[in-house]
Amino acid sequence: MRLLATVAAVLSLGSTALCAEKSNSTKPLTSRQILPANFKPPQTFKNVNLVHIINLEKSYPKESINVVIENTASTAQDEYFIPFTSSQMETIGGFEVKDRKDPDSGLFEVEAVEFDTESDTQFYRIRLPTPLAPKAQQTLGISFSYLSALEPLPKHVGQQESQYLVYTFSAYCPSTYVTLKQKTEVKFPSTNVPEYTIVPATAGESESPQKAGSKFTYGSFGELPAGAVEPVKVRYEFTKPVIHVSRLERDIEVSHWGGNIAFEDRFTLHNHAANLSKQFNRVEWASQQYYNPPSTAIKELKFPLRVGSTEPYFTDVIGNVSTSRFRSNKREANLEIKPRYPIFGGWNYPFRVGWNADLKKFLRKLKTGNGYVLNVPFLEGPKQPEGVSYEHIELRVILPEGAENVQYSTTVPLVSVEHSLHRTFMDTTGRTTLTLTAINIVDDFRDRELIVTYDYPLLAGFRKPLVIFTAVVGVFCAAWAIGGLDIGIHGKKK
Amino acid sequence: MAPKRTAREPTPSAATTQASSTASVPAIPTKASLKAKDNQSPQEVALGIWQNYLDTTPQRTKLIDVFMSFLVVVGVLQFVYCVVAGNYPFNAFLSGFSSTVGQFVLTASLRIQTNGENKADFGELSPERAFADFVFGSLILHLFCINFIN
Amino acid sequence: MADSGSITESFFKGSSGRNTRGLLRLTILSLIAAAAISSRLFSVIRFESIIHEFDPWFNFRATKYLVQHGFYDFWDWFDDRTWHPLGRVTGGTLYPGLMVTSGAIYHALRALTIPVDIRNICVLLAPGFSGLTAYATYLFTNEMSTSPSAGLLAAAFMGIAPGYISRSVAGSYDNEAIAIFLLVFTFFLWIKALKLGSAFWGALCALFYGYMVSAWGGYVFITNLIPLHVFVLVCMGRFSPRVYVSYCTWYALGTLASMQIPFVGFLPIRSSEHMSALGVFGLLQLVGFVEFVRAGVPSKQFATLLRGFVLVVFAIAFGGLVLLTVSGVIAPWTGRFYSLWDTGYAKIHIPIIASVSEHQPTAWPAFFFDLNMLIWLFPAGVYLCFQKLADEQVFVVVYAILASYFSGVMVRLMLTLTPIVCVSAALALSSLLDTYLTIKSPTEPTDSSADAVNGTTASSKKAEKAAKQDGLRSLSKPLVGIYTTFSKTSVVSALTAYLLIFVLHCTWVTSNAYSSPSVVLASRMPDGSQHIIDDYREAYQWLRQNTPENAKIMSWWDYGYQIGGMADRPTLVDNNTWNNTHIATVGKAMSSREEVSYPIMRQHEVDYVLVVFGGLLGYSGDDINKFLWMVRIAEGIWPDEVKERDFFTDRGEYRVDEGATETMKNSLMYKMSYYNYGALFPPGQAQDRVRGVRMPEKGPELNTVEEAFTSENWIIRIYKVKDLDNVGRDHASASSFAKGNKKKKTTKRRGPKVLRVE
């Protein structure tokens, strides 16, 4: 953990400058490291066996590549490159690499590298924790997802019609290395896949894809050179909303005095599903409600909160939305909210939800010194079967006034970290605030933790009462002094 | 501009009507005798009043009166200008004129309050307090006027 | 609380020192303020912290603008998102006092680093100021009466009187929220200035008057009441230097202060409403001068002559005023003002004023509803003022008479009546309580003989009031009658009961009648739990999120402010009804046939049309019920094209069902309200629950607009105005063409309708 924290810190140092100016735009993660323009990854590896799995069950494509790599160079190597197109680079998120053989070893260090802004090919560089000796093999598990990569076709559907999405990918997994054997598996949400590209049979290979229920398999293919591409387009039924959060601002406020921790999430939510071909028809919608058929409209969002959460609220820009339910008992705390209107494709709905919880469940005091450890979920967005994608997440952890020596660690890939002060509620110096920014995150990261450690001296806790007390006493003294003065204008006779 | 006429009517009357009204009245002796009014000419009446005024008024009050008559003159001048040359920057005219009128009534108030004869009405009011009130009122007045003049 | 206050007050009177009493008074006052504030929070507790009704939404929007853009931008604010395509010079046509006040509070709190949402400040401003009003009433009443209990009682009454609560519940963020406080406080300062003859208090009075002018159009009430008071005093021969000093200071400074507000501008010297103040100012100068000369000229005859001179000058000035008004130099009375004298005036000449419910004459139960027992204590208090008729009591009498009249004319002016009712009722009640709680023995023969005279005059009045005149009976039978413990306790307990009932009544009225935000409707589920009907916000939020930023919304003007505030979209007309023609245009578009309406909507670049329809839910405040006003207002401008008569059946009925007139059925409003409504019911069963009629089997057809959104309970329906047809057909033929294609395959039943549309 400590290692990760430092890694992230190092990363953030490099990226702060870049991210500062684009922190609130939804532009991607371009790269953090600039390489010379004529850069070409050295051909030091080969992919012995590669399985590319594309999961289309949710409203975003989630891909994972399991690959056995072998060092073909004469020296030990620790840098493995994966190519992406620059448009993919803008929407890729949640890029993580693990050792498949040793899942507990933690995540590998990865970074996006840029060598030429004009170039269509960009790279992720994976740094192996231990350099791989020549001829040695290692199994990597690479996973990532793309945002906004699915297009509805047709673009407009009726209120009760089915929706079809189109996804384009390559049957050959993009790689900068020679691949000896590979296959690509596509998992669809249903068996209804009206259109898909057929890769004709070649020598030794049968025609792709092979269908097994809702799973299509392209390949396996034999040896392919680096950079081989075979575009494939699939169109499949997905009559569910495509929930996209363009911006999530999440505030976590810690109050030692109140023993309370307050969460507030502000969502800017869109539905990227197919738009309505005609205007919204209430009669149709109302009559349809009895049967509850699949629909591209967002009717309800469910937030499973931590047990013990209290006082939830759900508001939007014009006030409280009364259509929310909160079920809380010993085992669960579910916040179910209903937007004011069903959100169809192309419609927007910004809102905010918030709740309180007992601080004791999240905060632990270290045995020695003034140190505290705070463990909170990084993301607590809605948990929907169709998935939610987040373009930009800004998480603020507001610690008590006077907290210092703030350190954090999380497994969520971040793009920037900022320490600042937040002045509110009669603060004198302001509360220590930690702002973490992440982009292109999907709701798989929902349960990731964020651990923040900080020192909070006892004296700092008494700062505010003292300041207020002094101020009040000062006001009284001033009032007394002024009241004592004789400012009346009297005649001399008096 | 026309409404102004009614507004400022009283102000100049302080000076002008003094002469006219007394003149229209059949002779009135000021101090000499209460009954024998018919014998005296208007000039004498006016003169008597003037004499009476000079005799009984304290020096300070006279100073105030001079200021008041100055304000009346200025007000009349402004009004005449407005009638003759037009009231184009109406804001400016209005604020100039109302500052004169306002100052006049404030000064009149000061005069009344400091007048010893009105002790019964202003029991606790000392001249100093009256003057402070006067300053306060004038400050507000001119603040508004400056703001209004554009 | 109030009567307990007076009890303790009298209890502590003799024994304790001044400090103890001061402390008690302070505590009682703060308790009253707390009661006043908390009784206004029903709506926040029951619903949420939300801005109510219509006008407050505009004030809220303006406040947000002020907070965001700063004071100077606000002052020069030209709003192009209302009154499309005209726009509105908002900065110059509003009373900025309210917004500036909450802006100042907002920034003060920000400076103390207390992060309060501007909305919460706006919501809680009215309750906060009601606490201050209670205090101001206390001060005002204290000037009237020597009894300290009167002030406290008046404060308590003011705090909870429904007549005032009606406009100051939390969320009712309207000008009246702060204006009533300013009204009472200005009057207090005026009385203070008059009593002391102090230019300082006069100047303060002028400052608060200026604040009042910046806050509410009702300042005209002060502008006329104070001169009237002075005039009455002069007529009663009560002119004194004090009157001169206080009035002249107030007028000179106050008029200048009022002219600082752009919306008021030159009105104080141009409009008739302000002329009385000016006239009295002139009169005072004359009288003052005459008094001055008379002091120097000790002659009775001369003085009489002077007085005659004064009257002549006054008559000439008045004649000049009339002349100027006739010749048009001074603006004639505005229509709203005329309707104060002739209640039928607005209905005939300015339907737009008459169409506002709060401009209607007051129904008599409203007095009892809003003031309860205060209304019968009120004359008693006024009568008490007649007894010791000092300058300030004259004020109460004048105020009472004027306000009683006006409140009878316009519902809204009940607000100005409430303070004086509270004050005089408190005077009456406190004199009763003081009498019955503290009298010890009839040992003051001189006093009682004086009272005996009053007692006889009053004996024809109510028994209680007569009983108060203790002297008469006490002379004959010193130890019976009102001096017995029995009579004391019975009277006191009766009064206590009355007070308690009053408190109950106030609470009941506040909670039931005045605490509904009207944006949000509440209903009961079968199991008794509260169900919130939030259609307005559902539709406004939909508009805000899913239409282009500059989509123009056409709706009846009632909803203009809400659309501007909640949906943040440009509107054609709103509740600032400054342009009657524009409103009539909308009225015409709503009440005409589609072929007529469509060009109007195209000309005004309308993108969406919003109508309110209560038929499904039984919500009676919907557009069909307001429809006749639209027709009337449109008829006022286009008498040839829109005729109210055409909307009534031959028998003079206003119907929406099968028997509705053709004009009615073809009007855009009717069509938009009932479009597709029948589809919700089994065939032939469609019913309008507001008007309780069954709808025709065949619903209306719409060609030029299409349904874009309908809220859950159908209260709001939004239609999108279609673009011109691609092939240049008119919409009717285009849609009948589209329908004709389908009709061939399906049923022929609707065939004739296509023909009719063509």
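The values are calculated or read from the model by the stated rules, or taken from the named source; none is laboratory data. Bear in mind that the values here come from a model prediction, so they are computed numbers and not experimental data. Quick reminder, even Gly has a Cβ in these numbers, built from the backbone with ideal geometry, and neighbours come from all protein chains shown.
See the values below:
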item	result
Residue in segment C:101-144 that is surrounded by the most Cβ atoms within 10 Å (Cβ to Cβ), counting only those that are in a helix (DSSP H, G or I) and polar (S, T, N, Q)	C:Thr137
Matching entry among C:Phe200, C:Phe188 (being away from chain B (no Cβ under 14 Å) and either more than 20 Å from C:Ala366 (Cβ to Cβ) or hydrophobic (A, V, I, L, M, F, W, C) (or both))	C:Phe188
Residues of segment A:410-447 that turn out to be outside any strand (DSSP E or B) and of a type outside the set (Asp, Glu), as a count	14
Selection from segment C:239-271 of residues that are farther than 16 Å from C:Ala199 by Cα and polar (S, T, N, Q)	C:Ser258, C:Gln260, C:Ser271
Residue list for segment C:606-630, restricted to those being in a loop (DSSP other than H, G, I, E, B) and modelled with pLDDT under 90	C:Gly614, C:Gly615, C:Leu616, C:Leu617, C:Gly618, C:Tyr619, C:Ser620, C:Gly621, C:Asp622
Answer from A:Pro189, A:Pro174 - the residue that is within 27 Å of the chain's Cα centre (by Cα), surrounded by 14 or more Cβ atoms within 10 Å (Cβ to Cβ) and more than 17 Å from A:Pro231 (Cβ to Cβ)	A:Pro189
Condition broken by A:Ala201, with the remaining ones in (1) within 30 Å of A:Leu276 (Cα to Cα); (2) assigned to a loop (DSSP other than H, G, I, E, B) satisfied	(1)
Residue among A:Phe314, A:Phe344, A:Phe351 that alone is within 14 Å of chain C (Cβ to nearest Cβ), over 22 Å from the mean Cα position of the chain (by Cα) and modelled with pLDDT of 90 or more	A:Phe344
Matching residues, segment C:645-665, being in a loop (DSSP other than H, G, I, E, B) and among the acidic types (Asp, Glu)	C:Asp650, C:Glu653, C:Asp657, C:Glu658
Pick from segment C:666-677, criterion of a type outside the set (Ser, Thr, Tyr) and assigned to a helix (DSSP H, G or I), ranking: nearest to C:Glu697 (Cα to Cα)	C:Lys671
Candidates A:Asn334, A:Asn356, A:Asn329 - the one that is farther than 17 Å from A:Gln384 by Cβ, assigned by TED's automatic domain parsing to the domain that holds A:Glu380 and without any contact (Cβ under 8 Å) to a residue 40 or more places away in the chain	A:Asn329
Where a residue in segment C:59-75 is farther than 14 Å from C:Thr93 by Cα and its partner, wherever it lies, is among the polar types (S, T, N, Q) and modelled with pLDDT of 90 or more, with Cβ under 6 Å and at least six apart	C:Thr63/C:Ser102
Which listed residue is of a type in the set (Ser, Thr, Tyr), at pLDDT 85 or above, more than 19 Å from the chain's Cα centre (by Cα) and surrounded by 18 or more Cβ atoms within 10 Å (Cβ to Cβ), from A:Tyr60, A:Tyr80	A:Tyr80
Matching residues in segment C:631-644 - criterion: being assigned to a helix (DSSP H, G or I) and of a type in the set (Asp, Glu)	C:Glu635, C:Glu644
Residue under evaluation A:Ser119, criteria (1) under 30 Å from A:Val242 (Cα atoms); (2) hydroxyl-bearing (Ser, Thr, Tyr); (3) assigned to a loop (DSSP other than H, G, I, E, B), criterion not met	(1)
Residue in segment A:276-296 that is surrounded by 16 or more Cβ atoms within 10 Å (Cβ to Cβ) and under 18 Å from the mean Cα position of the chain (by Cα) present	no
Entirely in segment B:51-150, the helices (runs of 4 or more DSSP H) that have 2 or more residues that are within 14 Å of chain A (Cβ to nearest Cβ)	B:90-114, B:127-149
Residue in segment A:161-170 that is buried (at least 20 other Cβ atoms within 10 Å of the Cβ), outside any strand (DSSP E or B) and of a type outside the set (Val, Ile, Thr) present	yes
Exclusive hit being touching a Phe, Trp or Tyr at 6+ places or on another chain (Cβ under 8 Å), among the hydroxyl-bearing types (Ser, Thr, Tyr) and at pLDDT 90 or above, set A:Thr437, A:Thr453, A:Thr433	A:Thr453
Residue within segment A:421-433 that is surrounded by 23 or more Cβ atoms within 10 Å (Cβ to Cβ), touching a residue at least 12 places away in the same chain (Cβ under 8 Å), away from every other protein chain (no Cβ under 14 Å) and under 30 Å from C:Ala111 (Cβ atoms) present	yes
A:Ala133 farther than 28 Å from A:Thr217 by Cβ, touching a Lys or Arg at 6+ places or on another chain (Cβ under 7 Å) and not assigned by TED's automatic domain parsing to the domain that holds A:Val388	no
Residue in segment C:266-274 that is surrounded by fewer than 24 Cβ atoms within 10 Å (Cβ to Cβ), in contact with a Gly (Cβ under 9 Å, 6 or more places away or on another chain) and of a type outside the set (Asp, Glu) present	no
Hits in segment C:255-271 - residues which are at the interface with another protein chain (Cβ under 10 Å from one of its Cβ atoms) and not charged (D, E, K, R)	C:Thr255, C:Leu256, C:Ala257, C:Ser258, C:Met259, C:Gln260, C:Gly265, C:Phe266, C:Pro268, C:Ile269, C:Ser271
The listed residue being in contact (Cβ under 8 Å) with a residue 40 or more places away in the chain, touching an Asp or Glu at 6+ places or on another chain (Cβ under 7 Å) and not basic (Lys, Arg), out of C:Thr82, C:Thr93, C:Thr137	C:Thr82
Qualifying residue in segment A:324-344 (condition: β-branched (Val, Ile, Thr) and more than 22 Å from A:Ser246 (Cα to Cα))	no
Qualifying residue in segment C:518-537 (condition: among the small types (Gly, Ala, Ser) and part of a helix (DSSP H, G or I))	no
